[in-house]
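Derivation of every value follows stated rules applied to the coordinates shown; laboratory data play no part. What you are looking at is a predicted structure, and each value in this text was computed from that prediction instead of being measured. Backbone-built Cβ (ideal geometry, glycine too); neighbour counts: all protein chains shown.
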Amino acid sequence: MVIPYVKEGEDLRTILESDVNKRIAITKIKEAFDSRGFTTVDFVAKLKSAKDNNIFTSDNQTDIKDQIVQMSGADIYVQTEVNVNKTASGNSVNVLMTAYEASTGNSLSNKVGESGKFYTDDFGKLASKAVESVSQDFLNVMQAKFTDIVNNGKSINLEISFVQSSSIKMSSEIAPENLPLSDQIELWMEKNAYKNNYHIQGTTDLKMIFDDVRIPLKEQTGKNYNTNKFALEIFKFFRSLNLPVDKDIKGNTIYITIK
């Protein structure tokens, strides 16, 4: 799904209604996806449906974007910014495109398209030129990264730490295995990371950081798998060890705090 970039003071729910150049740029990017055989979701249709059904629970633009992306079911969304430049030597349009993996927010591709300068006020046509100048390179990079996600899973981060008053440390031997906690965490990760793909950035007695844990793109049912669902499995693992924890999720990072 292709969505517009929203500047401070702009409303994602109305931005396209007042700017034909943004509508043209978004349509051109959508056409580039369609030409590659991607199944695309129409942002305007999803936005209208959300407004008609009054599903928005906040006026925060980030929350609104997240709600639309979530309800769309899209695996990837492309954020598009259109800048119009007027000069005495000709007019031009720059289009900034960034593709994100929907469930983790990881960037897949970034490109800036330039229309070149022309003596014309047809900014819609200039926006089309800007998109066309980089759309194939943009899609090639995005496709390569998305293929890696399908084959090897999508990347998230995990940070496990302790409250200051905790009597438990990473070196503590925990029942029923009576192995150090850090070892039990890694044994669990071996079984639960997608295709056993994970990397430990570092372990101390007070903290353990995984900087690249792979989780599947889809559940076996075909539904999108996300960071929240993996965090729930981690929470259940610590519960099985009778360790009380708090979990927090920010972007594609899971924070587990052992009490």
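What to note about this one:
- Neighbour net charge for Lys117 - beta-carbon separation under 12 angstrom, K R +1, D E -1: +1
- Taking other residues whose beta carbon is less than 11 angstrom from the beta carbon of Ser18, and scoring Lys, Arg as +1 and Asp, Glu as -1, yields -2.
- Entries of Lys30/Lys223; Lys46/Lys236; Lys154/Lys247; Lys7/Lys125; Lys48/Lys125 with Cα pairs more than 29 Å apart: Lys46/Lys236
- For the stretch 2-150, diffusion coefficient by Stokes-Einstein and Kirkwood Rh (Cα), 10 °C, 1.306 mPa s, µm²/s: 100 µm²/s
- Of the DSSP H helices in the chain, those whose Cα atoms cover at least 27 Å axially and whose Kyte score averages -1.0 or more: 123-152
- The C-alpha radius of gyration of the chain, expressed as a fraction of 2.2 N^0.38 Å, stands at 1.24.
- Cα point-scatterer Debye curve for the stretch 153-258, base-10 log of I(q)/I(0) at q = 0.11, 0.20 Å⁻¹: -0.32, -1.06
- Protection proxy ranking of 100-106, 87-93, by the mean of other Cβ atoms within 10 Å over each peptide's residues and highest first, is 100-106, 87-93.
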